[in-house]
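Trainee: This structure is in structure tokens; I'll ask about it shortly.
The values are calculated or read from the model by the stated rules, or taken from the named source; none is laboratory data. Please read these numbers as outputs of a predicted model, since none were measured by experiment. Note that we place each Cβ from the backbone using ideal geometry, even for glycine, and neighbour counts take in every protein chain shown. Accessible surface is based on the protein model in full, side chains and every heavy atom, while ligands, DNA and RNA are left aside. Shrake-Rupley method; radii C 1.70, N 1.55, O 1.52, S 1.80 Å.
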Amino acid sequence: MSPDLRTLAESDLPEWLRALNNAFLMPPTVAPEEVAARRPGIDLERTQGVFDEGRCVATFRSMPRELTVPGGGLLAASAVTNVSVTATHRRRGLATRMMSRDLTDAKERGEAVAILIAAEYPIYGRYGFGPATWINEWDVDVPRSGLDRRWAGPAEGRVDLMTPAEVRKIGPELHERVRRLTPGAIERTDRWWDLDTGQLVFPSNPWKEPFYAVYRDAAGRVDGLATYSIKEHRWSNKFPNVTLETGKLIAASPAAELALWRYLLSVDWVTELKSGYRAPDDILPLLLGDPRAARTETNADFMWLRVLDTPRALEARTYAGAGSLVLDLHDAADLAGGRFRLETDTDGRATCTPTRDDADLSLDIAELGTLYLGDESVLRLTALGRVTERRPGAATRADTLFRTPRRPWTPDGF
Ligand SMILES: CC(C)(COP(=O)(O)OP(=O)(O)OC[C@H]1O[C@@H](n2cnc3c(N)ncnc32)[C@H](O)[C@@H]1OP(=O)(O)O)[C@@H](O)C(=O)NCCC(=O)NCCS
């Protein structure tokens with residue numbers, strides 16, 4: 001009997017979570033309290049499992065999310081997560097079956113794109129996803145950073161340490177502003193904030209209270225929040241040697257961003273600062289007296305994107321100016337392919353309609369996913385043979401339209 005793929009029932013959840021732990025190489029047994037804590041975060045209607053002789057051997061689920069696109073618009077996205085196939089059942093097409101089903105459902109639900117964080121690079125390109133945002137992680141050698149150790153706080157505004165309860169109150173409003181300024185960002189749910197501030201704790205993942213530094217501008221408006229923790233206190237020969245790990249740092253203004261980084265870099269005893277995953281063009285290295293003190297620890301793809309509704313996705317974002325392009329999109333899954341004319345006006349607003357005109361560029365739907373948020377160069381993909389220029393100069397024109405001044409960034413995993 002071939003394994004049975006089905007939408008999850010309430011009673012399947014413990015076995016489903018066990019399968020997820022198996023594939024993610026975590027201790028498999030899931031306590032009933034853990035199941036209860038996780039249950040509200042799982043939409044069973046959007047959750048699939050594959051069962052073989054009653055044993056769950058594959059997991060998959062998705063969630064509705066709003067993705068910020070260039071220009072600040074919010075686009076309905078299906079955020080895919082918990083994709084797993086138990087090692088005993090790998091490479092038999094189970095992930096492909098679950099993905100195909102969810103992408104078709106997402107399109108029917110009216111979600112214009114699907115997004116996910118790929119555990120490994122080679123998995124998702126075949127399903128039409130392309131890497132759309134990247135992250136960088138720096139390790140700063142603080143004594144060599146060339147920063148003035150006499151720094152006594154920002155010239156304007158102030159930084160204060162706040163309690164988890166205070167952050168639970170002020171964080172959501174701040175993040176709502178920040179995410180609209182950040183193409184590539186998604187919303188943070190109430191549950192996200194409960195988990196972040198210790199109001200909700202999974203038994204398998206005990207919470208340790210971090211420090212929360214909040215920046216308020218001269219008028220008292222909360223414009224920035226940085227979470228950080230200290231890994232261990234190391235001292236040698238009476239010299240402090242302490243590593244500060246940045247959790248999340250979000251800022252609604254350049255002043256807030258600068259003040260919070262400056263604050264974190266000036267905490268006494270700290271000799272090493274780990275930045276956490278940041279936008280690849282974060283200001284961090286350049287605010288140091290000596291940017292070489294910021295060594296890149298990680299530079300990698302982060303969020304992958306799959307276009308499901310080409311006109312809606314392309315009309316949701318803005319472009320660098322007026323222009324016209326005919327894109328010939330190949331989509332093996334037949335979800336979003338075809339030939340489309342993208343017409344943009346001087347304000348950067350777009351219309352996108354099916355056309356029979358000759359194509360300027362032809363590309364796979366996965367490459368459109370990579371280009372969509374403005375992070376990748378069309379010329380670079382053309383040089384790689386992944387975009388084909390049908391009309392001379394079209395790749396340069398497309399680059400001018402699609403690229404954004406700052407790189408997109410996805411601050412949160414999901
Ligand atoms: C990644 C994973 C979900 C793939 O599941 P699967 O059921 O084995 O995938 P499929 O059988 O549907 O594979 C489809 C294709 O992708 C390829 N593929 C799958 N996983 C791959 C990987 N990690 N690296 C390279 N290729 C991979 C398969 O070889 C197959 O190629 P083919 O079509 O040319 O034959 C599964 O191996 C797994 O659970 N891994 C551990 C957890 C994990 O990384 N999950 C992803 C979280 S984002």
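Trainee: Computing the accessible area with a 1.4 Å probe over protein heavy atoms, can you report the carbon and sulfur percentage for segment 288-414?
Mentor: The computed percentage sits at 46.
Trainee: Moving to a separate point now. Express the carbon and sulfur contribution to the solvent-accessible surface of segment 1-79 as a percent, rounded to the nearest whole number, probe 1.4 angstrom.
Mentor: Values: 2010 of 3720 Å².
The C+S portion of the solvent-accessible surface of segment 1-79 is 54 percent.
Trainee: How many nm is it between the label spots at Asp347 and Leu5, if each spot is 7 Å from the Cα in line with the beta carbon?
Mentor: For Asp347 paired with Leu5, the spin-label model returns 4.4 nm.
Trainee: Please report, as a whole percent, how much of the solvent-accessible surface of segment 145-207 comes from carbon and sulfur atoms (probe radius 1.4 Å).
Mentor: C and S atoms contribute 53 percent here.
Trainee: Per residue, how large is the accessible surface of segment 4-111? Use a 1.4 angstrom probe and give square angstrom.
Mentor: In whole numbers, segment 4-111 has 47 Å² accessible per residue.
Trainee: Over the chain, what relative contact order in percent results from Cα pairs under 8 Å that are six or more residues apart?
Mentor: 19
Trainee: What is segment 278-414's relative contact order, in percent, from Cα pairs under 8 angstrom and six or more apart in sequence?
Mentor: 25
Trainee: Test of understanding: given the chain, find the longest segment containing no GluC sites (Glu not before Pro) that are in a DSSP loop and have at most 13 other Cβ atoms within 10 Å.
Mentor: 233-414
Trainee: How much FRET efficiency would the formula 1/(1 + (r/R0)^6) give for Arg101 and Leu74, where r is the Cβ-Cβ distance and R0 is 41 Å, rounded to 0.05?
Mentor: The computed FRET efficiency comes out at 0.95.
Trainee: Related question: How much accessible surface area, in Å² rounded to 10, belongs to the heavy atoms of Tyr263 with a 1.4 Å probe?
Mentor: Spelled out: Tyr263, probe radius 1.4 Å, area about 40 Å².
Trainee: Suppose all protein chains stay in the model; what accessible area per residue would a 1.4 Å probe give for segment 311-414, in Å²?
Mentor: Ligands and nucleic acids excluded, the figure is 46 Å² per residue.
Trainee: For Cα pairs less than 8 Å apart in space and 6+ apart in sequence, what is the mean separation divided by the residue count of segment 137-298, i.e. the relative contact order in percent?
Mentor: Once normalised by length, the contact order is 35 percent.
Trainee: Follow-up question, since we're still on this one. Which value, in Å² rounded to 10, gives the accessible area of Ile170 with a 1.4 Å probe and all protein chains present?
Mentor: For Ile170, solvent-accessible area is about 50 Å².
Trainee: Can you give me the distance in nm between label points at Arg149 and Lys231, each placed 7 Å from the Cα along the Cα-to-Cβ direction?
Mentor: Result: 2.3 nm between the two label points.
Trainee: Using 0.36 nm times the number of residues separating Ala300 and Asp141, minus their current alpha carbon distance, what extension gain do you get? Could the numbers behind the result be given before it?
Mentor: Numbers: separation 159, 0.36 × 159 = 57.24 nm, distance 2.14 nm.
Taking 0.36 nm per residue and subtracting the Cα distance, the gain is 55.1 nm.
Trainee: If you keep only loop residues by DSSP, which trypsin sites (Lys or Arg not before Pro) in segment 212-243 have at most 16 other Cβ atoms within 10 Å of their Cβ? Please report the intermediate quantities before stating the final value.
Mentor: Values: sites: Arg216, Arg221, Lys231, Arg234, Lys238; in loops: Arg221, Lys231, Arg234, Lys238.
Hits after loop and neighbour filter: Arg221, Lys231, Arg234, Lys238.
Trainee: Which ³J(HN,Hα) values in Hz, rounded to whole numbers, follow from the phi angles of segment 408-414 under the Karplus curve 6.51 cos²θ - 1.76 cosθ + 1.60, where θ = phi - 60° and Gly and Pro get x?
Mentor: Ordered by residue, 3J(HN,Hα) equals x, 8, 10, x, 10, x, 7 Hz.
Trainee: So between Leu286 and Ala165, what do we pick up on full extension, going 0.36 nm a residue minus the alpha carbon distance?
Mentor: 40.2 nm
Trainee: Would you calculate a helix-derived [θ] at 222 nm for the chain, using -39,500 (n - 2.57) for each DSSP H run of n ≥ 4 and dividing by the full residue count, to the nearest 500?
Mentor: Only helices count here, giving -7500 deg cm²/dmol.
Trainee: Okay, moving on. For Phe202, what charge total do you get from the other residues with a beta carbon under 12 Å from its beta carbon, if Lys and Arg give +1 and Asp and Glu give -1? If you can, show how the numbers build up before the last one.
Mentor: On the way: positive: Arg38, Arg39, Arg191; negative: Glu33, Glu34, Asp194.
That works out to 0.
Trainee: Sum up the charges of everything whose Cβ sits under 10 Å from the Cβ of Gly337, counting Lys and Arg as +1 and Asp and Glu as -1, but leave Gly337 out.
Mentor: -3
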